[in-house]
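The values are calculated or read from the model by the stated rules, or taken from the named source; none is laboratory data. Please read these numbers as outputs of a predicted model, since none were measured by experiment. Using ideal geometry, Cβ is built from the backbone for each residue, glycine included, and neighbour counts are taken over all protein chains shown. For accessibility, only protein heavy atoms count, side chains too; no ligands or nucleic acids. Shrake-Rupley method; radii C 1.70, N 1.55, O 1.52, S 1.80 Å.
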Amino acid sequence: MSSSRHSSRRPALPGGKSASQARRQFAPLAEKLQAARSVAAAWENAHDEAERLARAELAPLSASVDRRLKELLLLLDREHGSEALDEEERVTLSGFIFDGAIELLDEGDDPELEALCDRHAGEPPYDDEDDEDEDEDEDDRAGRELRAMLSEALGEEIDENIDLATPEGRSTILELLEEDEQMERARAERRLAAIEQANDVWASDSKRIEEIVQALSARLGVALEAAPAQDLLQRARSAQEAGDLAGLLEVQFEAEQLGLAERLSEKQLAECVKLLKEELKFLERETAAMESEAARILGPGGDPAQRLLPGMLLIELGADIEELKEQDAQLQRDLATLHNPAKLKAWIRALDDFGDDPD
């Protein structure tokens, strides 16, 4: 391709001049910026709304469910010795009380819940002769599960020659875990340092953007106030108030084409384009961080091939709130009815039916 044909593809400016590289870069860059701002704003709004809902609804509901569940466990503990219950029903009831108390104790210490755990833990049957093989199988399964868990924590398979049942093997694993923890801490420190450095760079760049916006607005204002271009003047003022350098440059270019403003120097324009590229990088980092936080909140259940959208966070939170409302209402009903022996027996049968293996 000849240089003449190549140059003919460049956008022409008033006076027959070809657009510079910085001017050619501006339009697609401004389009990307607008899209990135829109996505970042949507995520920010979603997180703000999620925090509001969490404070106003999720946290109070969660606390209410925990409080009512504890009341129910204490009620069931009192009814555990009722003559209306047979031994099998008491065993089922103890299992529910124990599981519920353990779940609540994950939230913190509570002497009443600890006492419930002690009373309803139960003792498994044991027979030296009949259960030896089963115990060996249990030990093997526990060993495999421990090896798998440790392998996942380390991110690599544990050598089969390391015997986890021996002090030496356990010491080796502890050393490997300590090394892995040190490496993860070092990686986290490097990530944090990189984020801090990027934030420092953006703080400097954003300050420079403010300076350019003010200077460019002042120059444009003088030119446009004396011209019949009130729409451009209003757009310039709006861009100035928003600190929107890209929007202000669009007004500048239109004013240049209309012959209402002096042409921006290539040096000034190149600096503006460089700063807008840094703004785009900043927005993309912020969006990625908000998406990552949403993925952490939503948990691993989502489709890894599906990109997270801001609305998903609010949908999931709304579903959690509705589920808690249903749990809270059900607990209120149980607290009001399970004093009745007949209703308690029916409730325990429902627990058994729910726990039955469908196969």
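Figures for the structure shown
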{"item": "Vicinal HN-Hα couplings computed from phi for region 76-86 (Karplus, 6.51 cos²θ - 1.76 cosθ + 1.60; Hz; Gly/Pro x)", "result": "5, 5, 5, 7, 4, x, 4, 5, 6, 9, 8"}
{"item": "³J(HN,Hα) computed for each position of region 283-295 - Karplus, 6.51 cos²θ - 1.76 cosθ + 1.60, integer Hz, glycine/proline x", "result": "4, 5, 5, 4, 5, 4, 5, 5, 5, 5, 5, 5, 4"}
{"item": "Radius 13 Å from Cβ of residue 61, net charge of other residues (Lys, Arg +1; Asp, Glu -1)", "result": "-3"}
{"item": "Mean accessible surface per residue for region 56-103, computed with a 1.4 Å probe while every protein chain stays in place, in Å²", "result": "51 Å²"}
{"item": "Cross-link partners of residue 267 among lysines (Cα-Cα below 30 Å; sequence separation of 8 or more within a chain)", "result": "17, 32, 207, 277, 281"}
{"item": "Loop GluC sites (Glu not before Pro), region 36-83 (other Cβ atoms within 10 Å of the site Cβ: 14 or fewer; DSSP)", "result": "83"}
{"item": "Cα pair count fraction exceeding 20 Å, expressed as % - region 181-302", "result": "56 percent"}
{"item": "Qualifying lysines (Cα of each under 29 Å from Cα of residue 345; at least 8 residues distant if same chain)", "result": "70, 325"}
{"item": "Inter-centroid distance (Cα atoms) of region 181-226 relative to region 55-100, Å", "result": "54 Å"}
{"item": "GluC sites (Glu not before Pro) within region 240-328, DSSP loop, no more than 12 other Cβ atoms inside 10 Å", "result": "262"}
{"item": "Order of exposure, largest accessible area first, which applies to 312, 183 with probe 1.4 Å", "result": "183, 312"}
{"item": "Sites residue 34 and residue 193, calculated FRET efficiency, Cβ-Cβ separation with R0 22 Å, nearest 0.05", "result": "0.10"}
{"item": "Karplus-derived 3J(HN,Hα), 6.51/-1.76/1.60, for each residue of region 25-37, Hz, glycine and proline x", "result": "6, 5, 4, x, 5, 5, 5, 5, 4, 4, 5, 5, 5"}
